[in-house]
Amino acid sequence: MFISEIFSSKKGPVFSFEIFPPKREYPIESIYETIEELVTLDPDFVSVTYGAAGGTKDRTVEIAGYIKKRWGKPPLAHLTCIGAHREDILRILDELSALEVKNVLALRGDPPKDGPAEGGDFKYAKDLVHFIREQRPDVFCVAGAAYPEGHVEAPSMACDLINLKKKVDEGVSFLITQLFFDNELFLSFRDVARSLGIGIPITAGIMPVLNAKQISRMVSLCGASIPSALAHLIARYERDPKGLHEAGLEYAINQIKGLIREGVDGIHLYTMNKPEVAKRIMAEL
Ligand code: FAD
């Protein structure tokens, strides 16, 4: 099933979970229990990241195929194009298609930390979207990433939005945002996107803050700003990890409730492979 059909048929927000493949030193089956627990919560789809943790790229296809075959849930396979050649991408697309995985999140990916990516046939995610649409028309529903606070490399928010519109125009069916902690930023981003003619569903990426280390890592990786209410919580529970965990969960739940009140198209939960967190959040909603 194309995930775009869920967005057009479901009343109310589409709920989705994101997982990442286990590292190479662990068997692939080590994620199966996590998937089972997540699927039991009845998300509309489950997305599987690609390569972000290093050395796990080949596992994304297999895990997405497993979700489809074992659980019948639509998987969304992430796919990055930086440094990739056309034939690599075609091979992966055909592997996905053979496993009946029909939804792809088309991403550029990040250049390696030690310098620019070598070679490759693609510059931006929009080139990957174009390639998928051109080479495998009607086989995949293609999603794209969006950044409510602007992408870290973009010279300005306006510039990033113009680039986003170009990507969408290549044939993106829905967007998933980078995590954010301030709903106002998401809502104004959504307003501007709509005014630019981006009419496709925009699903909000939410990651609960569970510990102090995770926050500083996230902020340095994606540049998400910390609103004062969250900064207060972090300071208040500085010496109380359990308290911070609880307060972080509550903050995420309130964020999601606020977004639902604002008629958000979807909520995409970065589960960090922790089903207990997803369980708690879904129960509260
Ligand atoms: P793009 O849309 O190509 O944008 C990248 C930059 O290029 C932006 O600054 C944009 O403004 C600029 N740009 C775009 N088009 C043009 C143009 N025509 N001219 C000039 N500038 C342009 N990474 C992984 O490695 N694996 C994953 O599984 C993964 N999953 C993700 C899931 C989500 C929901 C999100 C939000 C991000 C994810 N990422 C993942 C991270 C992502 O790969 C990085 O954020 C990456 O730096 C940008 O990818 P993109 O697809 O947004 O790129």
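The numbers here are math on the coordinates, done by the rules we state, and not lab data. Please read these numbers as outputs of a predicted model, since none were measured by experiment. Don't worry about glycine lacking a Cβ; one is built from the backbone with ideal geometry, like all the others, and counts go over all protein chains shown.
In terms of its alpha-carbon gyration tensor, the chain comes out rounded; the largest-to-smallest axis ratio a/c stays below the 1.5 threshold. Annotation for the range 82-159: trypsin sites (Lys or Arg not before Pro) lying in DSSP loop with at most 16 further Cβ atoms inside 10 Å of their Cβ are 113, 123. Among 203, 40, 56, the residue with the largest mean-square fluctuation in a Gaussian network model of the chain, with springs joining Cα atoms closer than 10 Å, is 40.
By the rule of a C-alpha distance below 22 Å, with chain neighbours fewer than 8 residues away ignored, the lysines paired with residue 57 are 23, 68, 69, 73, 102, 113, 123, 126, 274. In whole angstrom, the range 136-285 maps to an equivalent ellipsoid with semi-axes of 29, 17, 14, each derived as √(5λ) from the alpha carbon gyration tensor and ordered largest first. Using a simple spin-label model with pseudo-atoms 7 Å out from Cα toward Cβ, residue 97 and residue 40 lie 3.7 nm apart. Once you compute Rg and the Kirkwood Rh from C-alpha atoms, what is the Rg to Rh ratio for the range 36-173? On the Cα set of the range 36-173, Rg over Rh gives 0.97.
Quote the relative contact order of the chain in percent (integer), defining contacts as alpha-carbon pairs under 8 Å separated by 6+ residues. Answer for the chain is 19 percent.
Entry note, the range 163-215: relative contact order of 47 percent, from Cα contacts under 8 Å with a spacing of 6+ residues. Taking the three principal axes of the alpha carbon atoms in the range 1-99, the coordinate ranges are 40, 30, 22 Å, sorted in descending order. Site pair residue 88 and residue 261 shows an inter-label distance of 4.6 nm when each label is modelled 7 Å from Cα along Cα→Cβ. Apply the a/c threshold of 1.5 to the C-alpha gyration tensor of the range 229-283 and tell me whether it is rounded, prolate or oblate. Because a/c hits 1.5 or more and a/b fails to exceed b/c, the range 229-283 counts as oblate.
Which whole-number percent of Cα pairs in the range 93-183 have a distance greater than 15 Å? When all Cα pairs of the range 93-183 are counted, 64 percent exceed 15 Å. The ellipsoid that matches the Cα gyration tensor of the range 89-134 has semi-axes, each √(5λ) in whole angstrom, of 23, 12, 9, with the longest given first.
Once the cut-off is 18 Å, how many percent of the Cα-Cα pairs in the range 151-233 end up in the long-distance tail? Counting every Cα pair in the range 151-233, those more than 18 Å apart make up 47 percent.
Using θ = phi - 60° in the Karplus curve 6.51 cos²θ - 1.76 cosθ + 1.60, the 3J(HN,Hα) couplings for the range 20-30 round to 10, x, x, 4, 4, 6, 9, x, 4, 5, 5 Hz; x is entered for Gly and Pro.
Quick one: grab the alpha carbon gyration tensor of the range 138-187, order the square roots of its eigenvalues as a ≥ b ≥ c, and give me rounded if a/c is under 1.5, else prolate or oblate depending on whether a/b is larger than b/c. Here the range 138-187 falls in the oblate category. Of the residues 76, 245, 174, the one whose Cα sits farthest toward the positive end of the charge dipole of the chain, with +1 on the Cβ of Lys and Arg and -1 on the Cβ of Asp and Glu, is 245.
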